[in-house]
Structures are given as C-alpha cells and as structure tokens.
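> Sharing a structure, written as structure tokens. Questions coming.
The values are calculated or read from the model by the stated rules, or taken from the named source; none is laboratory data. If you're wondering where the values come from, they're calculated on a predicted model, not measured in any experiment. Note: ideal-geometry Cβ built from the backbone for every residue, glycine included; neighbour counts use all protein chains shown.
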Amino acid sequence: MENNDNTTSHLYVSSKRIKNCDNVIETLKKLNIMSSVKNNKSVICNNYDCWLEYGCDITLTGLKSKLIKEKVWKPLSKEFGFNCAYLNVEGKYRGCVHDFEKYSYHK
C-alpha cells in the first residue's frame, strides 16, 4: 500500500518528560516518517497552577492522513508517554488526535 499522498499534517506534542525533540526526531527516522520537527515551549495551566512543557511541532510531509494514528501517534505516545496531541490535517481536521478516527473522510 502506498503511504504517501500530497497531504501536509501537523502533530503538536508536549510533555514534562522531554527537554527537546532530538529523541522524537530519531524515533521518526527509525519509523521512516518523512517530517520536519521544531522545538517549542508551552505554558500549561489548570485551576491551581501553571507549568512549562517542552514540545515538538511535527510537520508530516505527504503521509496519508489515515495512517497518522497508527504509524506516527501510537509509536510516539508509547515511546514518550504522550497522553494527547493536537492534530491539524490541512483543510480536513483540527483537534485532538484521539477524536480523529470519528471523521469519515480519511477512511
């Protein structure tokens, strides 16, 4: 099955467990995922406190959107303990990666 088309997608992950994206990049390389990764920092707040999380802005270049969860999200979340991520599939979907399968256009 062909894994690529012309889709550009962005997956945004962050965690207290990472300090930069070097290991994320190495994992994507091992998974043979064509991508561009930028380091970022986020301020996360709840009702009681705010804290800093380091994160990665992952641009997936050409990977079919229906393969993102299986080929990218599941391996990354397992490796780095990510609980959630924001996914933007250009022109098609924006939101939590866990809700992505509910949308029928990518099946």
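> Could you figure out which of (1) surrounded by 13 or more Cβ atoms within 10 Å (Cβ to Cβ); (2) modelled with pLDDT of 90 or more isn't true of K29?
So K29 meets the others, but not (1).
> A follow-up question, please. Exactly one condition in (1) of a type in the set (K, R); (2) more than 12 Å from the chain's Cα centre (by Cα); (3) surrounded by 12 or more Cβ atoms within 10 Å (Cβ to Cβ); (4) farther than 13 Å from H10 by Cα is not met by K74; state its number.
(2)
> Out of all the residues in region 1-12, which are of a type in the set (A, V, I, L, M, F, W, C) and either more than 12 Å from the chain's Cα centre (by Cα) or modelled with pLDDT under 95 (or both)?
So the first thing to find is which residues in region 1-12 are of a type in the set (A, V, I, L, M, F, W, C), and the list is 1, 11.
Listed by number, the list holds a single entry, M1.
> While we're looking at this one, here's another question. Among the residues of region 32-52, are any touching a strand residue (DSSP E or B) at 6+ places or on another chain (Cβ under 7 Å), surrounded by 15 or more Cβ atoms within 10 Å (Cβ to Cβ) and aromatic (F, W, Y)?
Looking for residues that are touching a strand residue (DSSP E or B) at 6+ places or on another chain (Cβ under 7 Å), surrounded by 15 or more Cβ atoms within 10 Å (Cβ to Cβ) and aromatic (F, W, Y), one finds none in region 32-52, hence no.
> Oh, and also: I'd like to check which strands (runs of 3 or more DSSP E) are fully inside region 26-107 and have at least 3 residues that are without any contact (Cβ under 8 Å) to a residue 40 or more places away in the chain and out of contact with any Phe, Trp or Tyr (no Cβ under 6 Å at 6 or more places or on another chain). Before the answer, list the steps.
On the way: elements: 35-45, 50-63, 86-89, 93-96.
Per the criteria, 35-45, 50-63, 93-96.
> Testing Y103 on (1) surrounded by 12 or more Cβ atoms within 10 Å (Cβ to Cβ); (2) modelled with pLDDT of 95 or more, one condition comes back false. Which one is that?
Only one criterion is unmet by Y103, namely (2).
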